[in-house]
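Working notes, beginning with the structure itself.
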Amino acid sequence: QVQLVASGGDVVQAGGSLRLSCAASGSVRSISVMGWYRQAPGKQRELVARITSSGSTNYADSVKGRFTISRDNAKNTVSLQMNSLKSEDTAVYYCNAAAQVSVLPSFDNYWGQGTQVTVSS
């Protein structure tokens, strides 16, 4: 199995910055896509950003130009640099990875435990 441990959530003032990190461990053979999702109170979980093993990225329109996702394939880690934070960025942020754990060419979806980001205005 794969464990994802996220860290870096905090309380920050609007306009400030935070960096979230997530490390995958366990029986990881390969990870195709890693990403960050968030869920605000009363709302559905939504994609924030994701990155493939080759470095291709996708961002939610609401964070483009403010957030940057990166990963270290050798360490199985993914990070999210969040700048110019807004109150609407307040949410629990979840790390996600599509990982291969066996010799079979299939990837399963794994989630981290979530880390709280609170932006005060």
* Structure fact -> The correct count of residues that are without any contact (Cβ under 8 Å) to a residue 60 or more places away in the chain and under 15 Å from Ile69 (Cβ atoms) in region 24-36 is 0
* Right, Ser30: farther than 16 Å from Gly112 by Cα, small (Gly, Ala, Ser) and modelled with pLDDT under 95 or not? -> yes
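With Ser106, Ser79, Ser121, Ser84 as the choices, which residue is farther than 18 Å from Gln39 by Cβ and within 13 Å of the chain's Cα centre (by Cα)? Quick ask: steps written out before the conclusion?
Numbers: Ser106 fails: within 13 Å of the chain's Cα centre (by Cα); Ser121 fails: within 13 Å of the chain's Cα centre (by Cα); Ser84 fails: within 13 Å of the chain's Cα centre (by Cα).
Just one listed residue meets the conditions, Ser79.
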* Asked: Identify, please: which residue in region 1-27 is among the β-branched types (Val, Ile, Thr) and under 29 Å from Asp108 (Cβ atoms) and is, among those, surrounded by the most Cβ atoms within 10 Å (Cβ to Cβ)?
  -> Val2
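Is there a residue in region 28-36 that is over 16 Å from Leu4 (Cβ atoms) and either exposed (fewer than 15 other Cβ atoms within 10 Å of the Cβ) or of a type in the set (A, V, I, L, M) (or both)?
Within region 28-36, not a single residue is over 16 Å from Leu4 (Cβ atoms) and either exposed (fewer than 15 other Cβ atoms within 10 Å of the Cβ) or of a type in the set (A, V, I, L, M) (or both).
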* Structure fact -> Apart from one, (1) at pLDDT 95 or above; (2) open to solvent by less than 40 Å² (accessible area, probe 1.4 Å) all hold for Gln100; the odd one out is (1)
* What do you reckon, is Asp61 of a type in the set (Asp, Glu) and either touching a residue at least 24 places away in the same chain (Cβ under 8 Å) or touching a helix residue (DSSP H, G or I) at 6+ places or on another chain (Cβ under 7 Å) (or both)? -> no
* To do: Looking at (1) touching a Leu at 6+ places or on another chain (Cβ under 9 Å); (2) open to solvent by 60 Å² or more (accessible area, probe 1.4 Å); (3) in a loop (DSSP other than H, G, I, E, B), find the lone condition where Leu85 falls short.
  => (2)
* Kindly check whether there is at least one residue in region 58-77 that is under 19 Å from Trp111 (Cα atoms), modelled with pLDDT of 95 or more, open to solvent by 60 Å² or more (accessible area, probe 1.4 Å) and hydrophobic (A, V, I, L, M, F, W, C). => no
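The values are calculated or read from the model by the stated rules, or taken from the named source; none is laboratory data. Source: prediction; values computed, not measured. Positions of Cβ are backbone-derived with ideal geometry, glycine not excepted, and every protein chain shown enters the neighbour counts. Side chains included, ligands, DNA and RNA excluded: accessible areas come from the protein's heavy atoms. Shrake-Rupley method; radii C 1.70, N 1.55, O 1.52, S 1.80 Å.
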